[in-house]
Each structure stands twice: as C-alpha cells, then as structure tokens.
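Undergrad: This structure is in structure tokens; I'll ask about it shortly.
All of the numbers you see were taken from the coordinates with simple rules; none came from a lab. Because the structure is predicted, anything quoted here is derived from the model rather than measured. Cβ coordinates were reconstructed from backbone atoms using ideal geometry, including for glycine residues, and neighbour counts include every protein chain displayed.
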Amino acid sequence: MSDVIPFPGRRRATFSYLDGGRHGLLVLFTDEDGRPCKANGPFGTAAEARERAIKAVGQYCGQIVIDWDSFPYEPDPKNGEVCVSEMGECHPHTSTEYVVVHIPQSGGVEVIRGFATLRAAQVAASRRAREYNAVLVESARPDGGDH
C-alpha cells in the first residue's frame with residue numbers, strides 16, 4: 001500500500017487519476033523520475049479507474065504507490081466511516097496515542113495505531129477515507145472544514 005517507505009533518495013513510481021477529456025478517464029503511470037510513461041483506460045467511471053489502480057499496484061508488492069489525492073473523493077456511506085480516536089492510559093505520565101478507525105458497513109473494524117499527534121492521525125484518516133471513498137467523520141478532517 002501507500003505506506004511503504006522507499007530507500008532514501010529514491011522516488012517511487014506512481015499511479016494517478018487523469019481526466020483525459022474526450023479520451024475518457026485514465027490511470028496514469030509515472031516512473032520514479034516523475035516522467036509519465038503509460039496511461040491505462042479509458043474507464044467509464046472514476047470507480048472503475050480506482051479499481052484498476054488498486055489491482056495494478058497489488059502486482060508490484062509496494063514498489064508503486066497510488067496518488068489518492070488525484071482521484072475524485074466521492075464518499076459513500078456503504079463504504080463505511082473513518083474517524084480518529086484518542087487512546088490514553090489512565091496513568092499521569094503516559095503519553096496519549098491517537099488511532100484511525102475504519103468501520104466498514106460490511107462489518108468489522110480496522111484500527112490503525114501509533115499516531116503521536118492528533119494532526120498526524122487526522123491526515124492518515126483523510127487519506128484512508130479517500131482511498132476507500134468512505135465517509136470521513138467531521139472531527140477527523142485535518143482542515144476542520146466541510147466535505
């Protein structure tokens with residue numbers, strides 16, 4: 001997934017969303033040097049382009065990332081909700097930990113731990129909501145604004 005850390009000084013190849021106008025919706029592959037190499041598509045909907053990017057990136061075992069910010073964010077309640085929660089100990093000198101919680105409509109809960117600051121957790125929650133087109137609960141928005 002997009003959380004893989006590359007070797008220092010090395011950029012990562014990327015899949016991103018591209019509205020090709022009359023050519024349709026495309027998934028653009030950009031190499032490690034930032035050069036566009038190939039466009040996949042056309043796709044009828046942004047959801048189809050998203051699925052193609054997810055399927056393609058899975059074949060590369062983390063060597064290619066998806067630029068989720070380039071894809072349209074179309075939150076759908078059936079994809080669940082993403083929020084930030086605080087997990088603190090009841091001991092006076094213990095630091096607070098923030099977690100990102102993804103609650104899909106299909107059941108189950110995924111908790112991503114290890115955020116030292118609220119801001120870091122909010123940014124991760126926003127990225128996760130965009131990735132899954134899930135509803136971002138207001139308190140998790142890093143800018144504090146509306147959807």
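Undergrad: Label A39 and V137 with points 7 Å out from Cα along Cα→Cβ: what is the distance between them in nm?
TA: With each label placed 7 Å out from Cα toward Cβ, I get 4.0 nm.
Undergrad: Roughly how big is the range 13-70's charge dipole about its Cα centre, with Cβ charges of +1 (Lys, Arg) and -1 (Asp, Glu), in debye to the nearest 20? Present the calculation step by step, with values, prior to reporting the outcome.
TA: On the way: 6 positive and 8 negative charges, 47 e Å.
About 220 debye.
Undergrad: For the range 13-70, I need the span (max minus min coordinate) of the C-alpha atoms along each principal axis, in Å, sorted largest to smallest.
TA: 30, 21, 18 Å, listed from the longest principal axis down.
Undergrad: While we're looking at this one, here's another question. Starting from the Cα of C61, step 7 Å along the direction of its Cβ; do the same at I112; then give the gap between the two resulting points in nm.
TA: 2.3
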